[in-house]
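Have a look at the structure below, then the notes.
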Amino acid sequence: MFSVKKRLLGQITLSFTLLFLFSCSSISSTGKIPSASPSWLPNDHPPPTVAVMPFDHPTSNEEIGTLVRKSFYNHFSSKNYKDIELNRVDQALASIQKTQAGTWREIPPESLGKYLHADFVIYGKVRDYQKIFLGIYSQLALTVEVEMVECRSGRGVWWKTDTKRSHDGGIPFEWFGLISATARSGLLMQQERTLDLVERICRDLVAEIPEPAASPGAPLSVNIQIAAFLERNRANATVEECRRMGFEPRVEEVEITDRTWYRVVLGPYREIPAAERDKKLIAERTKFQPIFVHHSPANQEAPPR
């Protein structure tokens, strides 16, 4: 009997190990515009206006498209573009639907740009969203595709597809470990894990979108977003950790699909080298991967450093 249990446990361990190794992979592809200052971005002009369109989604889960779009827009709004609020975009699309047959997706970007007074439109699609639950192991997998299209010409100027996974559960080296591993993997299916996965993939997608330089007379400053949490106490703990390193970050609240995220932010900086130095130091001395967030002076909440 003991040998049978041992063989069974070995098979479970091998299967889990293979799943774990596969889950650690990340797939990402980016299209066009490898340079830091692509030709399609305006020079010495006001920031271009951008509309983020509703994201297509798998028919089995309609909510995920809305969730990804809102998170993407929230990150994108920090870049040096003039973004159109999502409710204004949706109202405009609803008006279009009343005046013609078909859906807004059949309207060419040239016409959308004129109707929305936008220079660019961003199309998004949730290509895949999977939940895997195998008792002692669980995994979420999300693939999102984004394309930025110039309205004047109708051509795509930037696009990217990214896949991220989040997994939980441990390899049970003892039989009693099966119980705790199963409990942990079950928690992964909760909405909080989905929101965290969406936040990570949208943050990374937006971070790679090129942006124009600040317009004359309105120089940008930069903030460092250190991390984002669903729990206020974790954000406060991160603030204290950074204070022990000599920094003075703050906590900012943002609403995404009726959930409050607490973001730990440092800055703003007007000296980019100083911001890059602190960003690198935080990445080296903590477990976080900080990102830059740009703001105009009118939106700053703290004196520039």
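Values quoted throughout were computed directly from the atomic coordinates according to the rules given, and no laboratory measurement underlies them. It should be emphasised that the depicted structure is a prediction, and the values quoted were computed from it without experimental measurement.
A few notes on this one:
- Counted residue by residue at 0.36 nm each, then reduced by the alpha carbon distance between them, the extension gain from residue 130 to residue 87 reaches 12.6 nm.
- Using the Karplus relation 6.51 cos²θ - 1.76 cosθ + 1.60 with θ = phi - 60°, the per-residue 3J(HN,Hα) values for segment 274-285 come to 5, 5, 5, 5, 5, 4, 5, 5, 5, 5, 6, 9 Hz, with x marking Gly and Pro.
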